[in-house]
Amino acid sequence: MTFTTHSMQTILPLLTEHLKKKKYVTFSVINPDIKEECYSGTPIKIKNVTYVYRGYKTWIDTAEILKCKMLTPEVSLYPLIKLTFVRLCKEKTFHGQRRSTEKYGIHSNFYQINKMEETGFFYYYNQALENVGLRQREYILNLGINRGDKFQVIKNKLDIKEYHKKKLIGIDHSKSAIAAAKKRFPEKNVHFYLADINHLNSLKLGTCDLLISIGTLQSPDIHFKPLLMSLVQSYLQQDAALILGFPNARWLGGEVLYGAKAPNYRMSEMGIVFNDIIFAKKYLQQKKYRVTLTGKYYIFLTAVKIC
């Protein structure tokens, strides 16, 4: 297939139908490097042939929507390049797996995910740490620590003396993940507990000045709204801050795909995510927190107490 003046309204259904029958699809388009600072949809005439320009970002987005991975483009006859989309393997995902404490353990697909190596995640998490004033925080509590990647970023951002002065507590309900995190962080100022965050009272954690929870509070067995209120009322110091991450993505075949997936919907549906975000924002503002929302694959809510 070669696309010249075809509109996306034509292209997308054609690619969709082809991928229903085959694992991959290859097609030719005008090389996006032909022209700089050009909007998608701009007509370009070369050697009496008209093409519709589209940048690589458009084609990457197209592959993502089709649940495909885009392979390295190949140079074709001037001014064309060949693009190949390969369908992602549905088996290589943790979504929809049987619920258990080891669904997120070290042998799970979830454990293989390193969100901090996804720029669309790391950038906004790093920004959130800056927004809450990481260096002035002394006791950091993370609910749903898993691999410990969030603590690793904090450790990397601080000099060694700053880091060792802070108290870091990580909670998770996966036995194997907690065991691995303890080996990763043997420092005396870092502690991990195997526990269900629905029942934190027995741990006697005290109050922290920075609470972090990325995705965990949206787990199916957690009642988000009452738990959030309980955390704010019982586990935060007067001048505390929060970083909450609301998942707006899913992983498939090693790739992160934009858009939250709700039960009983074939398409991405973000109603539940928005409902939780709006509740959290309003509730924290009532409690005199300044709230900001950023992010892409995860929506990061940062809240800092207004003195």
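Can you pull out the GluC sites (Glu not before Pro) in the range 110-196 whose DSSP state is coil and whose Cβ has at most 14 other Cβ atoms within 10 Å? Taking the range 110-196 and a limit of 14 other Cβ atoms within 10 Å, the loop GluC sites (Glu not before Pro) found are E138, E187. Near T84: Cβ cut-off under 13 Å, other residues only, Lys/Arg at +1 and Asp/Glu at -1. The net charge is +4.
Filter K45/K69; K69/K90; K175/K261; K69/K150 down to the pairs with a C-alpha to C-alpha distance above 18 Å, please. In this structure, K45/K69; K175/K261; K69/K150 lie more than 18 Å apart at Cα. What fraction, in whole percent, of alpha-carbon pairs in the range 110-305 exceed 30 Å separation? Counting every Cα pair in the range 110-305, those more than 30 Å apart make up 14 percent. Expressed as a fraction of 2.2 N^0.38 Å, the value expected for a compact globular protein of N residues, the C-alpha radius of gyration of the range 8-87 is 1.08. Could you tell me which of N131, P13, A180 has its Cα farthest along the dipole of the chain towards the positive end, charges placed at Cβ (Lys, Arg +1; Asp, Glu -1), taken about the Cα centre? Farthest towards the positive pole: A180.
For the range 69-191, the dipole from Cβ point charges (+1 on Lys and Arg, -1 on Asp and Glu) about the Cα centre works out to 420 debye, to the nearest 20. In terms of other Cβ atoms within 10 Å, I278, I106 run from fewest to most in the order I278, I106. Normalised by the number of residues in the chain, the mean separation of alpha-carbon contacts (under 8 Å, six or more apart) gives a relative contact order of 15 percent.
List residues of the range 41-76, by number, whose backbone nitrogen lies under 17 Å from a label position 7 Å along Cα→C-beta of K23. Inside the label zone: 67-72. Relative to the Cα centre, the charge distribution of the chain, modelled as +1 at Lys and Arg Cβ and -1 at Asp and Glu Cβ, gives a dipole magnitude of about 400 debye. For the range 1-140, the fraction of C-alpha pairs more than 28 angstrom apart is 42%.
Cross-link pairs exceeding 32 Å between alpha carbons, from the set K167/K225; K115/K161; K103/K155; K23/K225; K157/K305; K161/K183: K23/K225.
When each of the peptides 220-230, 32-42 is scored by how many other beta carbons lie within 10 Å of its residues on average, the order from highest to lowest is 220-230, 32-42. Distance from the C-alpha centroid of the range 2-70 to that of the range 260-307: 34 Å, rounded to the whole angstrom.
3J(HN,Hα) along the range 296-301, derived from phi through the Karplus expression 6.51 cos²θ - 1.76 cosθ + 1.60 where θ = phi - 60°, amounts to 9, 5, 10, 8, 9, 9 Hz, with x in place of Gly and Pro. Taking other residues whose beta carbon is less than 15 angstrom from the beta carbon of I277, and scoring Lys, Arg as +1 and Asp, Glu as -1, yields +2. For the range 168-206 versus the range 136-160, the spacing of their alpha-carbon centroids is 12 Å.
Calculate the dipole size of the range 205-307 relative to its Cα centre from +1 charges on Lys and Arg beta carbons and -1 charges on Asp and Glu beta carbons; express the result in debye to the nearest 20. The calculation lands at about 300 debye.
Quick note: the coordinates plus some simple rules give every number you see, no bench work behind them. Since the model is a prediction, treat every value here as computed from it, not as a measurement. Glycine also receives a Cβ, built like all others from the backbone with ideal geometry; neighbour counts cover every protein chain displayed.
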